[in-house]
Amino acid sequence: MLRKLAVLTAGAAAAATVAVAAPGVAAALPAANMEAVLLAAQIDPQRADSTQTPGAHDSVLLVEKALQAKGLLDAKYVDGYFGTTTIDAYSKYQKSLGYTGIDASGLPGKTSLEKLGSGRYTVSNPVSAGSHVTYHGVTLNTRTKAMLQAAEKLFGKDVGLTQGSSNPGGVGASAGTHDGGGAFDVSVADMSSATRTEFAKDLRKVGFAAWVRTPAQGDWGYHIHAIAVNDPDLSSGAQHQVGAYYLGQNGLANHGKDDGPAVNPKLTWEQYQRG
């Protein structure tokens, strides 16, 4: 009996030691999902209401709390909705880091997102645009090139490009959508109406917001216009077009109904890769 009591006493002492030590263990930081944050930053500012992007609330809230802690966002906007006020606050944060131009557009990049979250959250599901490369005679980034190649594989052949990315002021009718990354225009000179639609659908399947543009819509000829969803280097105009795509619009200034081929669900490149 004395031996059993001694064992129980020793066990209780060990448990007490663990209980005392546990509070000293640093709690794991929550994770902000960069894929979700990027998608919300493209879609939410285009909404007519404050509906939040599904699956993004918790991650956006972490970012907004960090912006609030730096005095860049009022508490009433810390709500999980990455609207224009949060975009402006994030842009101010990017500028405080020395970023300018497109790099301070309010669309979070991995480096700024990690710096903002230092001691507050970690970053999961990072997205990188990669370096600039030349493909089909135009400039793209490595992420966009990989996406286009995947769409070409679905289509069964390569296509021609008339305009690429990182081309500020290149074509006035593009309204700045090609100033940053993730954007290109496809030549449809050798395509029928059906194959234009087919390739636009293939582009959408792998993570592009893509439409067949017609001369009746603007000062341009027939072509396919594509923007890589969740590219962290998108220009503001391209960001708006991605949001319009997810909200069922045509990405033009008239905010008309989406006239492109339906795909369900709409995916990012990373979601497509995960199957």
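Quick notes on this structure:
- Residues that are without any contact (Cβ under 8 Å) to a residue 40 or more places away in the chain and touching a Gly at 6+ places or on another chain (Cβ under 9 Å) were ranked within the stretch 182-216; the one that is nearest to Thr134 (Cα to Cα) is Ser187.
- Inter-residue pairs, beta-carbon under 6 Å, first closer than 22 Å to Asn254 by Cβ and in the stretch 43-60, second open to solvent by 50 Å² or more (accessible area, probe 1.4 Å) and not in a helix (DSSP H, G or I), 6+ apart: Gln46/Leu247
- Close contacts from the stretch 93-110, counting a first residue that is farther than 17 Å from Lys70 by Cα and without any contact (Cβ under 8 Å) to a residue 40 or more places away in the chain and a second that is open to solvent by 20 Å² or more (accessible area, probe 1.4 Å) and among the hydroxyl-bearing types (Ser, Thr, Tyr), with Cβ to Cβ under 8 Å and a gap of 6+ residues or different chains, come to none at all.
- Out of Leu97, Leu29, Leu38, sole residue that is open to solvent by less than 60 Å² (accessible area, probe 1.4 Å) and at pLDDT 95 or above: Leu38
- Sole residue being of a type in the set (D, E, K, R) and open to solvent by less than 80 Å² (accessible area, probe 1.4 Å), chosen from Asp74, Asp79, Asp88, Asp49: Asp79
- Checked against the criteria, Ser187 does not count as of a type outside the set (Val, Ile, Thr), more than 24 Å from Tyr272 (Cα to Cα) and under 21 Å from the mean Cα position of the chain (by Cα).
- Residue that is nearest to Glu114 (Cα to Cα), among those in the stretch 67-97 that are aliphatic (A, V, I, L, M) and assigned to a helix (DSSP H, G or I): Leu67
- Checked against the criterion of being in contact with a strand residue (DSSP E or B) (Cβ under 8 Å, 6 or more places away or on another chain), among the polar types (S, T, N, Q) and not in a helix (DSSP H, G or I), the candidates Thr144, Thr139, Thr53 yield just one match: Thr139.
- Remark: pairs (first residue in the stretch 123-137, within 24 Å of Ser187 (Cα to Cα) and open to solvent by 70 Å² or more (accessible area, probe 1.4 Å); second residue in a loop (DSSP other than H, G, I, E, B) and of a type in the set (Ser, Thr, Tyr); Cβ separation under 6 Å; 6+ apart in sequence or on different chains) are absent.
The values are calculated or read from the model by the stated rules, or taken from the named source; none is laboratory data. As the structure is a computational prediction, the values presented were derived from the model and not from experiment. When we count neighbours, we look across all protein chains shown, and the Cβ atoms used for this are built from the backbone with ideal geometry, even at glycine. Areas reflect the complete protein model, heavy atoms only, side chains present, ligands, DNA and RNA absent. Shrake-Rupley method; radii C 1.70, N 1.55, O 1.52, S 1.80 Å.
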